[in-house]
Amino acid sequence: MTDLQHGPLGQKSEYPEHYAPQVLYPIPRAAGRAEIQVAAQWPWAGEDVWNSYELSWLMPGGKPRVALLELRVPAHSPNIVESKSLKLYLGSFNQTVFDSATAVESTIAKDVSAVVGAEVTVQVLDFASTAFTHISELPGECIDDEDITVSHYTVAPELLCVQEAAGVVSETLHSHLLRSNCPVTGQPDWASVMVQYRGKPIDRAALLHYVVSYRTNQEFHEQCVERIFTDILQRCQPDRLTVYARYTRRGGIDINPWRSTDAEHAPNWRLVRQ
């Protein structure tokens, strides 16, 4: 596994002002997947949707341009890109001349694809785009008002259960109480999480208790979502399942992992906390 202590995350870093693809840093997914026992064959499709709000470069006449960035990394890629390294990389565009936004897109797609080991999708969007202007709500019913007593804050999949006597349902539930922690810096990562499934009804109080149990967990966003997906799939046995977490941004970037038995591509909803 790549040694995280030798990556930029959690380290004092120089901030390059000119194009520096060499700062991009890969983190293999394999180690995290081995921990949740899906290293050989994972049961999902999906992608990680990254949004950056601090993209800027110079036009040929030297005038700066600012834009928004959407980056989609497929879940089948062998690596993720370390988040601080992506921030440093995007910052290196600040004093770099590009002929067009299309040239910026193609450059980011080429460099990040090489690091993660799979083809990524990149869109550079100007502020007139409606993609980031609409504030959405997660679909389905919020479970945060369930009356639970929390006794511990370590991940506890045994909390999950279904109503065995009930028939099959299709429903979407969500919570805004997901918190995990960066495994390198220890900083908290805040998110809203959606669980969409078809199967025996999942006990809502148990699901909320399970979500809260991540409060001291130390994993990257992607691994947290894959663990949630795997635990629900194994313990509740739905016929269909999608888990989507929308994390708040850090360093001008938010990361939003989507894992599903059905759909490979995620909608890019922007929530009020984002």
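The values are calculated or read from the model by the stated rules, or taken from the named source; none is laboratory data. Computed from a prediction, not measured in an experiment: that's the story for all the values here. Counting neighbours? That spans all protein chains shown, and the Cβs are built from the backbone with ideal geometry, glycine included. Only protein heavy atoms, including side chains, enter the accessible area calculation; ligands, DNA and RNA are left aside. Shrake-Rupley method; radii C 1.70, N 1.55, O 1.52, S 1.80 Å.
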Exercise. Let me have the 222 nm mean residue ellipticity of the chain computed from DSSP H runs of 4+ only, each contributing -39500 (n - 2.57), with the sum over all residues rounded to the nearest 500.
Key: -6000 deg cm²/dmol
Exercise. Only Cα pairs under 8 Å and at least 6 apart count here; give the relative contact order of the chain as a rounded whole percent.
Key: 22
Quiz item: What residues have an amide H closer than 5 Å to that of R240, excluding those fewer than 5 places away on the same chain, when H is modeled at 1.01 Å from N in the peptide plane?
Solution: R198
Quiz item: When all protein chains stay in place, what accessible area (Å², nearest 10, 1.4 Å probe) is found for W42?
Solution: 80
Quiz item: Build a GNM of the chain with springs between Cα atoms under 10 Å: which of I27, I148, I255 gets the top mean-square fluctuation?
Solution: I148
Practice problem: Could you provide, to the nearest whole Å², the per residue accessible area of segment 223-274 with probe 1.4 Å? | Solution: 37
Exercise. May I ask you to give the solvent-accessible area per residue for segment 9-106, in square angstrom, as obtained with a 1.4 angstrom probe?
Key: 45
Quiz item: For segment 153-264, what Kirkwood radius comes out of the mean inverse Cα-Cα distance, in Å?
Solution: 14.1
Quiz item: Which aspartates and glutamates does K87 reach when only Cα atoms under 15 Å apart count, and residues fewer than 8 places away in its own chain are ignored?
Solution: E14, E17, E54, E70, D111, D254
Quiz item: What ³J(HN,Hα) values, in whole Hz, does the Karplus curve 6.51 cos²θ - 1.76 cosθ + 1.60 give for segment 91-102 when θ = phi - 60°, with x put for Gly and Pro?
Solution: x, 6, 7, 4, 10, 10, 8, 10, 5, 6, 5, 4
Exercise. Take the alpha-carbon centre of segment 248-274, take the same for segment 106-133, and report the distance between them in whole Å.
Key: 14
Quiz prompt | Residues whose placed amide H lies under 5 Å from that of V162, excluding near-sequence neighbours | solution = D203
Quiz item: For the chain, which whole-number percentage of the solvent-accessible area (1.4 Å probe, protein heavy atoms only) is attributable to carbon and sulfur atoms?
Solution: 50
Quiz prompt | Local net charge near A103, Cβ-Cβ under 14 Å (Lys/Arg +1, Asp/Glu -1) | solution = -1
